[in-house]
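Accompanying notes for the structure given below.
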Amino acid sequence: MKSKDLEKRLSDLSVQQVNDHLTRKDSEHACEACGTRDWRIHASELEGLVFLELPIFGMGGIGVPYCFLPLFCGNCGNTRLISANMMLDEIDEHEASSQD
Ligand SMILES: [Zn+2]
């Protein structure tokens, strides 16, 4: 199970914050499979953003999930997994530094 803290931080994220993060990190560069730049995330007004939890093996972490934002290529379906923790940390740092 992911921590309550992570769950709360993810549910508080807006689509705009995520899109701005993806732009800052150039996460939407051309698809390695088909060369287009038609990247999509799944989000709805009611349910918010869609994240994935994937269980890991090793490092004492059997059964501990990693959490990712799936970024789908709208042309071929190739999917990039963006670390939710790294994304949250970068957004926090970016927003803290923009308030200075
Ligand atoms: Zn593609």
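Values quoted throughout were computed directly from the atomic coordinates according to the rules given, and no laboratory measurement underlies them. All of these numbers come straight from a predicted model, not from anything done at the bench. Positions of Cβ are backbone-derived with ideal geometry, glycine not excepted, and every protein chain shown enters the neighbour counts.
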request  = With respect to LEU46, determine if the residue is assigned to a loop (DSSP other than H, G, I, E, B) and under 21 Å from LYS4 (Cα atoms).
outcome  = yes
query = ILE91 passes all but one of (1) surrounded by 15 or more Cβ atoms within 10 Å (Cβ to Cβ); (2) assigned to a strand (DSSP E or B); which number fails?
reply = (2)
message = Pairs please, first residue from the range 72-93 and more than 15 Å from GLN17 (Cα to Cα) and without any contact (Cβ under 8 Å) to a residue 40 or more places away in the chain, second anywhere and within 16 Å of the ligand (Cβ to nearest atom) and not in a strand (DSSP E or B), Cβ atoms under 7 Å, 6+ apart in sequence or on different chains.
response = GLY74/ASP38
key: Tally of residues being in contact with a strand residue (DSSP E or B) (Cβ under 6 Å, 6 or more places away or on another chain), within 16 Å of the ligand (Cβ to nearest atom) and in a strand (DSSP E or B) across the range 49-81   = 6
message = I'd like the residue in the range 27-42 that is under 13 Å from the mean Cα position of the chain (by Cα) and exposed (fewer than 15 other Cβ atoms within 10 Å of the Cβ) and, out of all such residues, is nearest to CYS73 (Cα to Cα).
response = ARG40
